[in-house]
Amino acid sequence: MADKVSCDVLPEGVLTVEQAQTLILAGVRAITTTECVELKQAAGRVLAEDLQAGFDVPPHCNSSMDGYAFAHASLMQQAPLMQIGSSWAGHPYQGRVQLGECVRIMTGACLPQGADTVEMQENTIKNGLEISFLRLPKLGENVRYPGEDLKQGETILSNGRKLTAADIGLIASLGMAEVKVLRKPRIAFFSTGDELKQAGTPLGWGEIYDSNRYTLNALLQELPVEVLDLGIIPDQAEAVEHAFFQAQSQADLLITSGGVSVGDADFVTSTLNKLGKVKFWKMAMKPGKPLAHGVLGDCLFFGLPGNPVSVMATFLLFVRPAILKLAGHPITEPHTYTATTLTPIKKIPGRKDYQRGIYTQTAQGYQVQTTGKQESHMLRSMSQANCFIVLERETSDLEAGSLVSILPFASFS
């Protein structure tokens with residue numbers, strides 16, 4: 001009988017997923033430099049100052065209904081009111097409403113002087129210019145008062161807030177055309193490997209297309225960052241070192257794919273050791289065990305594995321949270337759900353697995369099945385999947401019908 005695999009103690013230098021995530025985020029500091037951007041470009045950006053209302057919102061009494069504005073004291077006369085004019089949004093009535101008079105008013109239009117109440121048109125009878133009411137409205141009914149939404153001098157949004165669509169509209173309502181925000185992190189990335197070719201060029205014997213840069217670029221486009229694609233770097237120590245210098249001078253964070261193993265042509269980790277500092281480069285995780293993390297001067301560094309599935313998994317679980325913290329965004333733990341497996345799952349204890357799965361929600365709860373083979377070079381499995389099936393280190397093979405945790409890809413959006 002084979003010895004039981006112990007998951008209590010890891011080999012020296014190998015971190016758990018949770019240890020790696022904690023270590024990474026502890027070393028990230030949010031960018032503090034700021035820039036002013038046009039309000040239309042500010043959605044999703046992080047506010048770099050408190051914003052105060054420069055005036056009351058709304059700035060004047062206005063009607064919340066289409067109807068008739070009048071002085072409530074006129075109701076004491078128990079007689080129809082005489083319409084003397086109209087007040088439209090943007091074109092207010094210029095005169096004063098006396099007792100016994102009213103003004104036709106539209107939603108959002110300024111309340112005329114002398115008026116303090118609005119009755120909606122559905123509750124009125126019009127006979128020429130005479131207006132009668134079908135009910136007795138209350139004083140101040142259907143009137144919006146200055147400052148109901150915002151008071152002058154009130155802080156409306158605080159420094160550090162990620163601006164939403166509603167926030168943008170709120171800022172615009174105060175007449176602000178631009179806003180001060182944290183600048184976007186600059187993210188550089190490149191792939192390494194003499195076997196890699198740019199998409200759109202013919203392949204030679206033993207060559208493959210570089211998919212990782214396109215994957216990383218797409219993942220980065222979903223984040224508030226500026227992207228610097230450094231291309232494909234050959235397996236040469238001098239070329240890798242030059243790319244490192246370029247990234248260090250231009251970027252806040254560098255991502256590489258490939259070259260972090262222990263092969264003779266893998267120069268990424270050794271170059272980081274030479275020019276910066278390696279914090280760790282092994283994790284008890286599948287896929288993605290050889291993830292190198294460190295610093296290159298003031299530039300954060302992530303050396304992702306070369307296999308496409310490993311690139312996506314390590315980016316989502318480790319790089320993405322670091323970028324969000326760098327950008328000043330709050331970090332929230334992706335939400336997991338419990339699902340019932342529809343298929344058996346193979347698992348060797350020792351590493352935390354993130355297998356590709358397809359989940360559905362039924363009346364009985366969540367159900368999930370794997371996408372099939374879980375090899376880390378099979379990018380199609382990520383394209384087919386909509387979740388990770390998360391299997392803890394001590395987990396072994398599971399039968400169909402077992403309960404597992406799933407991490408939907410939508411949790412990362």
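The values are calculated or read from the model by the stated rules, or taken from the named source; none is laboratory data. Just so it is clear, the model here is predicted, and its values are computed rather than measured. Please note: Cβ atoms are built from the backbone with ideal geometry, for glycine as well, and neighbour counts cover all protein chains shown.
Values as computed for the structure displayed
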| quantity | calculated |
| --- | --- |
| Residue in region 167-178 that is within 18 Å of Q41 (Cβ to Cβ), outside the structural domain of L230 (by TED's automatic domain parsing) and in contact with an Asp or Glu (Cβ under 6 Å, 6 or more places away or on another chain) present | yes |
| Test result for K126, free of Cβ contacts under 8 Å to residues at least 60 places away in the same chain, basic (K, R) and surrounded by 12 or more Cβ atoms within 10 Å (Cβ to Cβ) | yes |
| Exclusive hit being hydrophobic (A, V, I, L, M, F, W, C) and outside the structural domain of I125 (by TED's automatic domain parsing), set L163, L136 | L163 |
| Per-region count, region 336-360, residues exposed (fewer than 15 other Cβ atoms within 10 Å of the Cβ) and aliphatic (A, V, I, L, M) | 1 |
| Selection from region 131-155 of residues that are of a type in the set (K, R) and outside any loop (DSSP other than H, G, I, E, B) | R144 |
| Spans of strands (runs of 3 or more DSSP E) in region 327-413 with at least 2 residues under 30 Å from G44 (Cα atoms) | 352-362, 387-391, 403-408 |
| Residue within region 303-324 that is within 30 Å of T33 (Cα to Cα) and in a strand (DSSP E or B) present | yes |
| One residue from L398, L407 being among the hydrophobic types (A, V, I, L, M, F, W, C) and farther than 22 Å from L23 by Cα | L398 |
| Elements of type strands (runs of 3 or more DSSP E) in region 199-289, at least 1 residues being within 26 Å of V17 (Cα to Cα), in contact with a helix residue (DSSP H, G or I) (Cβ under 7 Å, 6 or more places away or on another chain) and assigned by TED's automatic domain parsing to the domain that holds V28 | 253-257, 277-280 |
| Residue match in region 177-185 (condition: within 27 Å of P330 (Cα to Cα) and among the β-branched types (V, I, T)) | yes |
| Selection from region 129-140 of residues that are out of contact with any Leu (no Cβ under 6 Å at 6 or more places or on another chain) and buried (at least 16 other Cβ atoms within 10 Å of the Cβ) | F133, P137 |
| Subset of region 222-239 (residues that are surrounded by 18 or more Cβ atoms within 10 Å (Cβ to Cβ) and farther than 26 Å from K184 by Cβ) | D235 |
| Region 81-123 - residue that is crowded, with 20+ Cβ neighbours inside 10 Å and of a type in the set (G, A, S) and, of those, nearest to A71 (Cα to Cα) | A115 |
| Condition met for G13 (under 30 Å from A292 (Cβ atoms) and not in a helix (DSSP H, G or I)) | yes |
| Hits in region 285-307 - residues which are of a type in the set (A, V, I, L, M, F, W, C) and surrounded by fewer than 19 Cβ atoms within 10 Å (Cβ to Cβ) | V295 |
| Exclusive hit being at pLDDT 95 or above, touching a Pro at 6+ places or on another chain (Cβ under 8 Å) and hydroxyl-bearing (S, T, Y), set S87, S74 | S87 |
| Inter-residue pairs, beta-carbon under 7 Å, first closer than 16 Å to V311 by Cβ and in contact (Cβ under 8 Å) with a residue 12 or more places away in the chain and in region 188-201, second exposed (fewer than 12 other Cβ atoms within 10 Å of the Cβ) and not acidic (D, E), 6+ apart | E195/G206; E195/I208; L196/I208 |
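Results for (1) free of Cβ contacts under 8 Å to residues at least 60 places away in the same chain; (2) of a type outside the set (K, R); (3) more than 30 Å from S396 (Cβ to Cβ), shown as yes or no for each residue.
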position	(1), (2), (3)
A20	no, yes, no
R29	no, no, yes
T34	no, yes, yes
M65	no, yes, yes
A73	yes, yes, yes
L81	yes, yes, yes
H91	yes, yes, yes
G95	yes, yes, yes
